[in-house]
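The values are calculated or read from the model by the stated rules, or taken from the named source; none is laboratory data. What you are looking at is a predicted structure, and each value in this text was computed from that prediction instead of being measured. Counting neighbours? That spans all protein chains shown, and the Cβs are built from the backbone with ideal geometry, glycine included.
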């Protein structure tokens with residue numbers, strides 16, 4: 001029988017909180033319409049994949065988000081929460097979330113804007129960064 005010490009459990013819980021915190025930081029960057037803060041969530045060569053969009057590298061992601069915040073994402077917010085976390089290797093994890101884009105002036109997420117997202121995070125210099133973020137429309141029958 002193997003046991004895990006309370007210290008190890010606390011360390012694992014703290015690490016999971018740091019990983020989940022990346023999604024919280026994305027929500028905050030979006031609320032501020034801060035393309036720099038959004039892009040800084042990614043590794044230097046990170047990839048952003050949205051329906052119809054493929055951006056590679058912080059500079060492309062930053063430019064895309066700055067343009068989007070000034071146009072079709074103007075005044076919007078996002079919502080999201082973690083669904084599952086899957087360790088991939090030491091210093092790499094997959095985070096699955098559910099959420100979506102709340103239109104400007106609205107307080108509720110319309111069903112047609114609901115998404116599921118896959119986040120591949122890697123630990124770089126003691127900080128969790130996005131290597132890949134991809135989302136797709138969510139079926140409305142489940143959370």
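Cβ-Cβ distance below 6 Å, separation of 6 or more or different chains: which pairs start in segment 55-69 with a residue that is closer than 15 Å to residue 131 by Cα and end on one that is in a strand (DSSP E or B) and at pLDDT 95 or above?
Note: pairs meeting the criteria are 55/48; 56/47; 57/45; 58/42; 58/44; 61/42; 61/48; 61/55.
Only one of (1) in contact with a strand residue (DSSP E or B) (Cβ under 9 Å, 6 or more places away or on another chain); (2) free of Cβ contacts under 8 Å to residues at least 60 places away in the same chain; (3) exposed (fewer than 13 other Cβ atoms within 10 Å of the Cβ) is not met by residue 79, so which one is it?
Going through the list (1) in contact with a strand residue (DSSP E or B) (Cβ under 9 Å, 6 or more places away or on another chain); (2) free of Cβ contacts under 8 Å to residues at least 60 places away in the same chain; (3) exposed (fewer than 13 other Cβ atoms within 10 Å of the Cβ), residue 79 breaks only (3).
Restricted to segment 97-126, and to residues that are over 13 Å from the mean Cα position of the chain (by Cα) and surrounded by 13 or more Cβ atoms within 10 Å (Cβ to Cβ), which residue is farthest from residue 139 (Cα to Cα)?
123
Considering only segment 16-39, I want to know if a residue exists there that is touching a residue at least 40 places away in the same chain (Cβ under 8 Å) and surrounded by fewer than 11 Cβ atoms within 10 Å (Cβ to Cβ).
Within segment 16-39, none of the residues are touching a residue at least 40 places away in the same chain (Cβ under 8 Å) and surrounded by fewer than 11 Cβ atoms within 10 Å (Cβ to Cβ).
Taking the condition within 17 Å of the chain's Cα centre (by Cα) and assigned to a strand (DSSP E or B), does residue 18 pass?
Judged against the criteria, residue 18 is not a match.
Please work out which residue is modelled with the highest pLDDT, limiting yourself to segment 43-97 and to residues that are over 17 Å from residue 29 (Cα atoms) and outside any strand (DSSP E or B).
In this case the residue turns out to be 57.
Are any residues in segment 98-129 within 14 Å of residue 30 (Cβ to Cβ) and either in a strand (DSSP E or B) or in contact (Cβ under 8 Å) with a residue 40 or more places away in the chain (or both), and if so, which ones?
Scanning segment 98-129 gives 99, 100, 101, 102, 115, 117.
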